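For reference, the structure is listed below as structure tokens.
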Amino acid sequence: MDLIELREICKTYHLGEVDVPVLMGITLIIKHGEMVSLMGASGSGKSTLMNILGCLDHATSGQYFLEGREVSKLSSNQRAELRNRMIGFVFQSFNLLPRTSALENILMPLEYRHGGSRRANLERAKDLLERVGLGDRMNHHPSQLSGGQQQRVAIARSLINQPSILFADEPTGNLDSHTSAEILEMFQKLNADEKITILVVTHSAEIAAHAQRVIQISDGRIVDDAPSHPAAGSLLAGGAAAAQTGGRAS
Amino acid sequence: MMKFLRQIRTAMRAMGRNINRALLNMLGIVIGIAAVIAMMEVGQGASKAIERTISSMGSNTLLVLPGAAASGGISWGTGSSMTLTSADCEAVTRECPDVRQAAVLVRTSSQLIYGNRNWVPNTIYGTDPDYLEVREWQVMAEGEPFTARDVRSSNKVCVVGQTIKRELFQGESPVGKEIRLKNVNFKVLGVLTAKGANLMGMDQDDIVLAPWTTIKYRISNQKTTGQSSTAASSTSDAVNTLSNLYPTSQVALYPDLSTVQQADNPLPVRFTNVDQIILAARTAETIPNAMDQITSLLRERHHLRAGEDNDFQIRDMTELTKTLASTSAMMTNLLLVVALISLIVGGVGIMNIMLVSVTERTREIGLRMAIGARGRDILLQFLIEAVLLCLAGGLLGIGLGRGISSLVANVLHWPTAISLNAIGLSVVVSCAVGIIFGFYPAWRASRLDPIDALRYE
């Protein structure tokens, strides 16, 4: 069974009298263990697609199967539970809780999940922090960490619930090129070592090239879906640092 | 249950993250509750003081009068029966639990003479020292009251009111001086504090109090011992003169006893009846009980059979009692209104700051939702935060309010009373305020769209 299957997903925003179609028939399959990047210019609909894939939003029409489950029919509470158990998010602006230690930040998703002893959870969180290389920063607050470190805490947080898939929305958008490379390497490592499916949303070809597969989206349609050219991965441009995420079409 | 505990922990952690904000949040409710507690305590003290003032006017006072005697179909009116005794008074004090204090009264009216001045006081009461307590008049302006011992030995002592001091002594201290009352010399032991006019406009300071035994046996109107001097004058004045339009002294029907005859025939009867018993109930509420207790006790003591009429009457000060009741009801309502207003102010403050807090934490809410929090979880988290804040604020407020009221008590010397009701009420109310005023912001938070919330700047 495929991890994600989209069939003819359409999304239309209603702005007053005007209907703005953002996604126009997206059909897509993502298998377990893939590392995919979703590329597109601002306003191409890639953020909307990611919100739908991440169960934050639902499609106007079409079907979305996540591990064989039809997601578009679920209520918002069921989707919240699905997000909690199966999906990890990494955001461009990290979104860590301020004035809260790295460890507590990582433990936060567990507040919405039943079961698991506190001690076992704590062990897992520590283990994850070690894996992202911040074992010595457990009690630091976000303001005491660099951008790259904050993003690594965010990655650890997204992994605490052992999700099937990780969505990264412009994960390097606020980072300099050197740190960006580190973060991308970490994604690649997680994908290679732990077979976690990762979907990176970006508008930069250099970053997209780190994935095994690049899906190009433009004006609400998939225009290209091909394996990446590994050579491009080493040519990370400094310009990526100033990148801004594409806004929702409006 | 576990889930709820976890929610509380989440809310605590969220508050702990920003202590300043939490404290500011609390401030509104702290001030609200403190105002309530302080108002209630100071107000209750004031209300107690007012009640005490009114009851010193005699709202708790009951009067027991002897009933009407009748002979041959002719009634002699209230107070003519001679069945009420000082022993009744003692028994009432001893055996009626709702009676705080009782005193006998023997009334007389006469001219007072001091030096070359004279004065007829409004009231001359023969009583016992408990009278001052019944009237809540214990504090003396000068000197001291007479004692139970003076009553036992019919000592010729008295205390006088402010008017007597002014009229008879022209403002000098009367303590230690002697005044004459029907040719008996009374030593003035003390001066009462000013009480002013009573509700009828009668000057209550125009009063002389003496041991009732002295008044009763030494100078009362009924002659218990013949007095040759007055008797002699009455016979000599029996001849009508033009100047004596209204003969005041009774014409003696029988020739007076000579001194020798008097010595041979002492009047054997010493009536121990008193004119009134004045008594104070413990509180205004216990007056009906006290009246029942007195009635049954006196009926028993006077050997009245069932069906026989009472040979006494009990009067209460209904008007005053009503005034007292309505005054305290008014005070209570006033305090309640003030308390409510300050709580609403505190609650609106909480709501405002919670709304600001929701706006400020939009991204956090978005993140929590993306990570798997349901709308309900967010609602509960903010609601618990609000309730915890209000509870903590309520506790702080109770402390602060107690502090304020004891400060008022110490600095302004106002009477304050701890109000357990107010404390219990404010704990309950602070929770309620938290839920009511925390609900709207929490509901707003729970309705946020995670996508918009995450993108909120």
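The values are calculated or read from the model by the stated rules, or taken from the named source; none is laboratory data. Here the structure is a predicted model, which means the values were calculated and not measured. For neighbour counting, all protein chains shown are included, and Cβ atoms are generated from backbone atoms with ideal geometry for every residue, glycine included.
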Test: residue in region A:56-78 that is of a type in the set (Asp, Glu), within 27 Å of B:Met12 (Cα to Cα) and within 10 Å of another protein chain (Cβ to nearest Cβ): no
Long-range neighbours under 6 Å by Cβ, at least six apart or interchain, first residue touching a residue at least 40 places away in the same chain (Cβ under 8 Å) and surrounded by 18 or more Cβ atoms within 10 Å (Cβ to Cβ) within region B:277-304, second in a strand (DSSP E or B) and of a type in the set (S, T, N, Q): B:Ala280/B:Thr61; B:Ala280/B:Gln101
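To keep it simple, each residue is scored yes or no on (1) more than 14 Å from chain B (Cβ to nearest Cβ); (2) more than 30 Å from A:Asn77 (Cβ to Cβ); (3) at pLDDT below 90.
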residue: A:Asp136; (1), (2), (3): yes, yes, no
residue: A:Ala154; (1), (2), (3): no, no, no
residue: A:Phe167; (1), (2), (3): no, no, no
residue: A:Thr179; (1), (2), (3): yes, yes, no
residue: A:Ile183; (1), (2), (3): yes, yes, no
residue: A:Lys189; (1), (2), (3): yes, yes, no
residue: A:His203; (1), (2), (3): yes, yes, yes
Residue in region A:112-123 that is within 20 Å of the chain's Cα centre (by Cα), closer than 23 Å to A:Phe187 by Cα and crowded, with 19+ Cβ neighbours inside 10 Å present: no
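Residues checked against (1) surrounded by 21 or more Cβ atoms within 10 Å (Cβ to Cβ); (2) of a type in the set (Asp, Glu); (3) in contact with a helix residue (DSSP H, G or I) (Cβ under 7 Å, 6 or more places away or on another chain); (4) touching a residue at least 24 places away in the same chain (Cβ under 8 Å):
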{"residue": "B:Gln7", "(1), (2), (3), (4)": "no, no, yes, yes"}
{"residue": "B:Ile19", "(1), (2), (3), (4)": "no, no, no, no"}
{"residue": "B:Ala34", "(1), (2), (3), (4)": "yes, no, yes, yes"}
{"residue": "B:Val42", "(1), (2), (3), (4)": "yes, no, yes, yes"}
{"residue": "B:Ile50", "(1), (2), (3), (4)": "no, no, yes, yes"}
{"residue": "B:Gly58", "(1), (2), (3), (4)": "yes, no, yes, yes"}
{"residue": "B:Leu62", "(1), (2), (3), (4)": "yes, no, yes, yes"}
In region A:32-66, residue farthest from A:Arg221 (Cα to Cα) [restricted to those that are in contact with a Leu (Cβ under 7 Å, 6 or more places away or on another chain) and of a type in the set (Ser, Thr, Tyr)]: A:Tyr64
Residue list for region A:57-99, restricted to those being basic (Lys, Arg) and either closer than 15 Å to B:Arg374 by Cβ or in contact with a Cys (Cβ under 9 Å, 6 or more places away or on another chain) (or both): A:Arg79, A:Arg83, A:Arg85
Region B:359-370, residues that are at pLDDT below 90 and facing chain A (nearest Cβ under 7 Å): B:Arg363, B:Glu364
Residue that is surrounded by 18 or more Cβ atoms within 10 Å (Cβ to Cβ), of a type in the set (A, V, I, L, M, F, W, C) and within 14 Å of chain A (Cβ to nearest Cβ), where the choices are B:Ile423, B:Ile384: B:Ile384
Residues satisfying the stated conditions in region A:112-122, i.e. farther than 23 Å from A:Gly135 by Cβ and out of contact with any Asp or Glu (no Cβ under 8 Å at 6 or more places or on another chain): A:Arg113, A:His114, A:Gly115
Some residue of region A:90-100 being of a type in the set (Lys, Arg), part of a loop (DSSP other than H, G, I, E, B) and touching a Lys or Arg at 6+ places or on another chain (Cβ under 9 Å): yes
Evaluation of A:Gly33 against (1) assigned to a loop (DSSP other than H, G, I, E, B); (2) more than 22 Å from B:Asp449 (Cα to Cα); (3) within 14 Å of another protein chain (Cβ to nearest Cβ) (one fails), failing number: (3)
Number of positions in region A:103-121 that are in contact (Cβ under 8 Å) with a residue 12 or more places away in the chain and more than 14 Å from chain B (Cβ to nearest Cβ): 0
Subset of region B:79-114 [under 29 Å from B:Val184 (Cα atoms) and of a type in the set (Ser, Thr, Tyr)]: B:Ser80, B:Ser81, B:Thr83, B:Thr85, B:Ser86, B:Thr108, B:Ser109, B:Ser110, B:Tyr114
Selection status of B:Leu335, modelled with pLDDT of 85 or more and either more than 14 Å from every other protein chain (Cβ to nearest Cβ) or farther than 29 Å from A:Leu110 by Cα (or both): no
Residue check, B:Gly79 surrounded by fewer than 19 Cβ atoms within 10 Å (Cβ to Cβ), over 30 Å from B:Ala409 (Cβ atoms), modelled with pLDDT under 85 and touching a Leu at 6+ places or on another chain (Cβ under 6 Å): yes
Contacts under 7 angstrom Cβ, first residue in region B:189-206 being of a type in the set (Val, Ile, Thr), partner part of a strand (DSSP E or B), 6 or more apart: B:Val191/B:Met140; B:Val191/B:Ala141; B:Val191/B:Glu142; B:Val191/B:Gly143; B:Val191/B:Val159; B:Val191/B:Val160; B:Thr193/B:Met140; B:Thr193/B:Ala141
Those residues of region A:162-218 which are more than 24 Å from A:Leu82 (Cβ to Cβ), more than 12 Å from the chain's Cα centre (by Cα), polar (S, T, N, Q) and not in a helix (DSSP H, G or I), in sequence order: A:Asn174, A:Ser204, A:Gln212, A:Gln216, A:Ser218
In region B:371-381, the residues that are surrounded by fewer than 22 Cβ atoms within 10 Å (Cβ to Cβ) and either away from every other protein chain (no Cβ under 14 Å) or farther than 18 Å from B:Ile451 by Cα (or both): B:Leu380
Lone unmet requirement of (1) under 30 Å from A:Phe91 (Cα atoms); (2) buried (at least 18 other Cβ atoms within 10 Å of the Cβ) for B:Gly434: (1)
Of the criteria (1) within 13 Å of the chain's Cα centre (by Cα); (2) among the charged types (D, E, K, R); (3) over 25 Å from A:Ile207 (Cα atoms), which one A:Lys11 fails: (1)
Scope region A:41-91; condition of a type outside the set (A, V, I, L, M, F, W, C), on the phi > 0 side of the Ramachandran plot and buried (at least 17 other Cβ atoms within 10 Å of the Cβ); matching residues: A:Gly43, A:Gly45, A:Gly62
